[in-house]
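Contents: one structure, followed by commentary.
The values are calculated or read from the model by the stated rules, or taken from the named source; none is laboratory data. Remember, it's a predicted structure, so these values are computed and weren't measured experimentally. Positions of Cβ are backbone-derived with ideal geometry, glycine not excepted, and every protein chain shown enters the neighbour counts. Just so you know, the surface numbers come from the protein's heavy atoms only, side chains and all, with ligands and any DNA or RNA stripped out. Shrake-Rupley method; radii C 1.70, N 1.55, O 1.52, S 1.80 Å.
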Amino acid sequence: MKQARSLARLNGRILATYSRRTTTALRAALPLRLALPHLEPVLALNVEKEVEKDRLVILRARELAGAATSDWNAVLPQLLQATQEIDRRFLARVGRFPVEIVIRYEEIAPIRALRIKLLYDAAAKILAARDGMRRLRGAMHATYVREEFAQLLYELFRLYAEETRSLSRSVRLPMPLVPLRELIAQELLNVMTRVARPLASEIAATAFRPAAPVAREQKD
C-alpha cells in the first residue's frame with residue numbers, strides 16, 4: 001500500500017500544478033476574469049476534492065490488485081458512491097463562501113465514470129510494475145512510453161476539465177453575469193483544455209528524462 005500512497009501523492013502534485021496553471025490562464029481571459037472572484041474559491045476547493053477522489057481510486061486499485069477476480073461493474077458503483085461522500089464534504093466547505101452549488105450528477109456521472117476507469121487502470125498497471133521492486137519512475141517507464149504517458153495525462157486533464165465545466169455552471173453569479181453563464185462555462189473548458197496539452201507533455205518529458213550519470217570519483 002506504500003507504493004499506492006506514493007503514486008497518489010504524485011497525482012496530487014500533478015493536479016495542483018494543473019489547477020495553478022489554469023487559474024493563471026483564467027486571469028487573462030474575458031469574461032472569465034470578471035467571474036473569477038466567484039469561481040476561484042470553488043476551483044481551489046475543487047482540486048482538493050479531486051485529489052481526495054483520485055487517492056481513493058488509486059488505493060482501491062492497489063487493494064484489488066491481488067484479488068482473483070474484480071468485476072468492474074461492481075467496483076465502479078462503489079467508487080462512484082464513495083466520491084459522492086467526498087462531494088458532500090466539498091459542498092459543506094463551499095457553504096462557507098457566498099456561493100451556491102448544485103452538483104448535476106446526471107451530467108457529471110458519465111464523465112466521472114470515464115475518468116475513474118482511466119485512472120484506475122493506469123494505477124493498476126503502474127503499481128503492478130512496481131511490484132518488481134522498481135521505483136515509481138521505473139514503473140512508469142516499464143508501463144508507458146513518453147508519448148503514451150503524455151496522452152494519459154491529457155485525457156485525465158480533459159475529463160477533469162469537463163467535470164469542472166459542469167460544476168461551474170452551478171456557481172451563483174452576480175446578476176450582470178448570469179446571462180453569460182454558459183459562455184463562462186465553455187470558456188473555462190477551453191482554457192483548461194489549452195493548458196492541459198502542453199502541461200501533459202511537460203510532465204511526461206520530466207518523468208521520462210534520462211537519469212544523470214553518476215560521476216566517478218577521481219583517483220588520487
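So here's what we get for this one:
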| quantity | calculated |
| --- | --- |
| Residue match in the stretch 31-44 (condition: within 22 Å of Tyr120 (Cα to Cα), open to solvent by 20 Å² or more (accessible area, probe 1.4 Å) and either part of a helix (DSSP H, G or I) or in contact with a Leu (Cβ under 8 Å, 6 or more places away or on another chain) (or both)) | no |
| First in the stretch 131-142 and at pLDDT 85 or above, second anywhere and open to solvent by 80 Å² or more (accessible area, probe 1.4 Å), Cβ under 8 Å, 6 or more apart | Ala142/Arg134 |
| The stretch 164-175 residues that are without any contact (Cβ under 8 Å) to a residue 60 or more places away in the chain, paired with ones that are buried (at least 22 other Cβ atoms within 10 Å of the Cβ) and part of a loop (DSSP other than H, G, I, E, B) (beta carbon under 9 Å, 6 or more apart) | none |
| Residues located in the stretch 172-193, provided they are modelled with pLDDT under 75 and among the aliphatic types (A, V, I, L, M) | Leu173, Leu177, Val178, Leu180 |
